[in-house]
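Everything on this sheet refers to the single structure shown next.
The values are calculated or read from the model by the stated rules, or taken from the named source; none is laboratory data. From a predicted model like this one, the values you see are computed outputs, not experimental measurements. Note: ideal-geometry Cβ built from the backbone for every residue, glycine included; neighbour counts use all protein chains shown. Note: accessible area is taken over every heavy atom of the protein model, side chains too, but ligands, DNA and RNA are not part of it. Shrake-Rupley method; radii C 1.70, N 1.55, O 1.52, S 1.80 Å.
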Amino acid sequence: TSRNVYNFHLLGPGVKGIPSTGFGTTQFTFGGHNRSTWTVDGLDNSQRRTSRQIRLVISTPESVQEMQVLSGAYSAEFGRAAGGIINLISRSGANQMHGSGMGLYRPNAASARAPLAVRKADQTWWMVAGNLSGALKKDKLFFFINDEFNPLKIPQPVTILPAVAQALGLPAADLADSPFGETFHTPSAKLNFNLNAKNSGFLRYNRFTNDQPGGGGGLTAISRSLSFEDRMNGGAGQLATVISPTLLNELRFGLNRRAETRDTYVPGQPNGSQINITGVASFGVNPLAGSASVETSTQIIDNLTWSSGRHTLKAGVDYQTTGFQITAALSRLFTFGGLGAAAGRPAVTPLDQYLRTVARTVDPATSRPHTYTQLQQELGENAVPLRYHFVNFFLQDEFRLSPRLTLNFGVRYEAVLNPILDDKAPYELSRRVKNDMNNWAPRFGFSWAPFKDGKTVVRGGYGIFFDNPSLGTSANGALVNGRRVLSYTIPGTDARSPVYPNLLASADPTFQTPPNITAFAAD
């Protein structure tokens, strides 16, 4: 019921991990390593902005023909991961027309109430999927199309007390079940072609969309919820050319794009502030509203295979460029935590502190209007574009020493060309990541059938493997580097603090919080 095809990879030998209950990313370890590269039809499908590599454009089970896992000492043709390679081969059409469809419906009446819940939230779930394949021109041009629509609602109850909501002036709608869910749409299409006896290939398109409201529930009002939109698009093509009976060339091209945007769920002021009343309620604008990221990756691969006697020589070049356009949300958080008891004055609760601040009543002890405990605000340049380049090539020889023993020798080269992060960063080691240009990876493997019946095969190998680091580490370092995005902490009791609900109008070094910056050692 997860509809997550990657969970099936956990059945593979030497593979361990944690399945995903939905369209999240299945977690893998390969011989103890949790680093992986995700591919579809041999083309990269990895999101590299996060600390853990995850799949990018999603494939639904009916669109997959075959699944492959390479783990351990795989050959020089594959790389960019210290753990394993996860590859999906997409389905293709044929001369005969075929189609299938499916549907699922789980009414709310069939769902159990959550433990200790006062009432059962509306958790109706349904999905539909279908595909069609056949020939546009017999023996020449084939198609396969697939689509799935999978909406899921899991509302979260808001537990703000009605009396508190009335005192805060929150509308009744803010106390209903907070919207939460995921609406997935996963269409794909593939064209396979045979141009002539020597040239064949395919063109493929995948799309995945997710509309996900959320962020409310508990002591968080619905108005604090978030509207999250996720749009992934992937395209690929391949041309296989038989140059001679012993020489084959494979040319592949791929393009992936993921755009994520987070905005306010309830229309209002997208640049408004966030209000936290400790232990009472949180409302206002969601802290992530206004953030966005676009990751675009373009790849071209060309492999040449030559068979000669017992040898199969293979060489290839792989170039990929990945660009990021990141926009960070800027914090504007007012915190009301209450005031402790003082001489001749009782303690003030967080709720009373907020209500007195809004009413602008005067504190007799200070002769100043009541105010918030603290304002945390970020100012600065919150958008940054970055582009990375990956250069890879390999050469290997598969040598059939005998019908029962095959050896594989190879060498691979990998390089990541990093962008300049910020040549104006105040700390020199935060300005760039030094390029590592000596990543040579020798590989050796063997496959041996010790007995003539062929029922037992012993495999082994050795190699050096280089892993692509998280690009998010350097991307975040480019944003928070002591220059671009600066954070300010303003005590409400300071005479220069903005009067609620006003914000700090411009940078004030007096309130600046020393940032935790990311620096990259020269080696």
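Brief remarks on what is shown
- Taken together, the residues in region 82-104 that are out of contact with any Gly (no Cβ under 6 Å at 6 or more places or on another chain), among the hydrophobic types (A, V, I, L, M, F, W, C) and open to solvent by 70 Å² or more (accessible area, probe 1.4 Å) amount to 1.
- Qualifying residue in region 506-518 (condition: open to solvent by 70 Å² or more (accessible area, probe 1.4 Å), under 28 Å from Arg360 (Cα atoms), part of a loop (DSSP other than H, G, I, E, B) and β-branched (Val, Ile, Thr)): no
- Any chance Ala236 is at pLDDT 90 or above and assigned to a strand (DSSP E or B): yes
- Matching residues, region 143-163, being in a strand (DSSP E or B) and within 14 Å of Ile222 (Cβ to Cβ): Gln156, Val158
- Output for region 1-30, where each listed residue is closer than 24 Å to Gln238 by Cα and surrounded by fewer than 22 Cβ atoms within 10 Å (Cβ to Cβ): Val5
- Total residues in region 382-424, condition assigned to a strand (DSSP E or B), of a type outside the set (A, V, I, L, M, F, W, C) and closer than 26 Å to Ile301 by Cβ: 15
- Neighbours by Cβ (under 8 Å, 6+ apart or cross-chain): first from region 105-118, under 15 Å from Thr159 (Cα atoms) and open to solvent by 50 Å² or more (accessible area, probe 1.4 Å); second modelled with pLDDT of 75 or more and not aliphatic (A, V, I, L, M): Val118/Pro157
- In region 253-285, residue nearest to the chain's Cα centre (by Cα) [restricted to those that are within 25 Å of Arg231 (Cβ to Cβ) and buried (at least 19 other Cβ atoms within 10 Å of the Cβ)]: Arg258
- Out of Val458, Val480, sole residue that is open to solvent by 40 Å² or more (accessible area, probe 1.4 Å) and under 34 Å from the mean Cα position of the chain (by Cα): Val480
- Residues within region 164-184 that are assigned to a strand (DSSP E or B) and either in contact with a His (Cβ under 6 Å, 6 or more places away or on another chain) or over 23 Å from Ile89 (Cβ atoms) (or both), tallied: 4
- Lone unmet requirement of (1) surrounded by 15 or more Cβ atoms within 10 Å (Cβ to Cβ); (2) farther than 30 Å from Leu56 by Cβ for Gly169: (1)
- Among the residues making up region 1-19, those that are at pLDDT below 85 and polar (S, T, N, Q) are Thr1, Ser2.
- Filtered by the rule that a residue be part of a loop (DSSP other than H, G, I, E, B), on the phi < 0 side of the Ramachandran plot and surrounded by fewer than 22 Cβ atoms within 10 Å (Cβ to Cβ), region 31-48 gives Asn34, Arg35.
- Counted residues, region 239-268 - those being not in a strand (DSSP E or B) and not polar (S, T, N, Q): 5
- Scan region 425-449 for residues that are outside any strand (DSSP E or B) and within 18 Å of Val391 (Cβ to Cβ) and the total you get is 6.
- Just so you know, in region 333-368 the residues that are under 24 Å from Ser487 (Cα atoms) and part of a loop (DSSP other than H, G, I, E, B) include one that is modelled with the lowest pLDDT, and it is Gly338.
- Selection from region 66-81 of residues that are over 19 Å from Pro13 (Cβ atoms) and surrounded by fewer than 20 Cβ atoms within 10 Å (Cβ to Cβ): none
- When each of Leu288, Leu330 is tested for being assigned to a loop (DSSP other than H, G, I, E, B), under 30 Å from Gln377 (Cβ atoms) and either among the basic types (Lys, Arg) or more than 18 Å from the chain's Cα centre (by Cα) (or both), the lone residue that passes is Leu330.
- Extreme residue, farthest from Leu479 (Cα to Cα), among residues of region 369-381 that are assigned to a loop (DSSP other than H, G, I, E, B) and open to solvent by less than 40 Å² (accessible area, probe 1.4 Å): His370
- Condition met for Glu229 (open to solvent by 30 Å² or more (accessible area, probe 1.4 Å), more than 30 Å from Leu161 (Cβ to Cβ) and assigned to a strand (DSSP E or B)): yes
Quick grid of which residues meet (1) within 30 Å of Leu247 (Cβ to Cβ); (2) touching a residue at least 12 places away in the same chain (Cβ under 8 Å):
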{"site": "Pro155", "(1), (2)": "no, yes"}
{"site": "Thr159", "(1), (2)": "no, yes"}
{"site": "Leu191", "(1), (2)": "yes, yes"}
{"site": "Asn196", "(1), (2)": "yes, no"}
{"site": "Arg204", "(1), (2)": "yes, yes"}
{"site": "Thr209", "(1), (2)": "no, yes"}
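- Any pair with Cβ under 6 angstrom, 6 or more apart, that starts in region 476-503 at a residue that is assigned to a loop (DSSP other than H, G, I, E, B) and ends at one that is of a type in the set (Val, Ile, Thr) and open to solvent by 10 Å² or more (accessible area, probe 1.4 Å): Asn481/Ile517; Gly482/Ile517; Gly492/Thr371; Gly492/Thr373
- Residue check: Val485 meets all listed conditions (1) within 30 Å of Leu504 (Cβ to Cβ); (2) among the β-branched types (Val, Ile, Thr); (3) touching a strand residue (DSSP E or B) at 6+ places or on another chain (Cβ under 7 Å); (4) open to solvent by 60 Å² or more (accessible area, probe 1.4 Å) but one, namely (4).
- Residue in region 59-72 that is more than 19 Å from Thr209 (Cβ to Cβ), modelled with pLDDT under 85 and not aliphatic (A, V, I, L, M) present: yes
- Residue in region 404-424 that is among the charged types (D, E, K, R), without any contact (Cβ under 8 Å) to a residue 12 or more places away in the chain and farther than 13 Å from Gly445 by Cβ present: yes
- Within region 201-226, considering residues that are open to solvent by 40 Å² or more (accessible area, probe 1.4 Å) and not in a strand (DSSP E or B), the one nearest to Pro350 (Cα to Cα): Leu219
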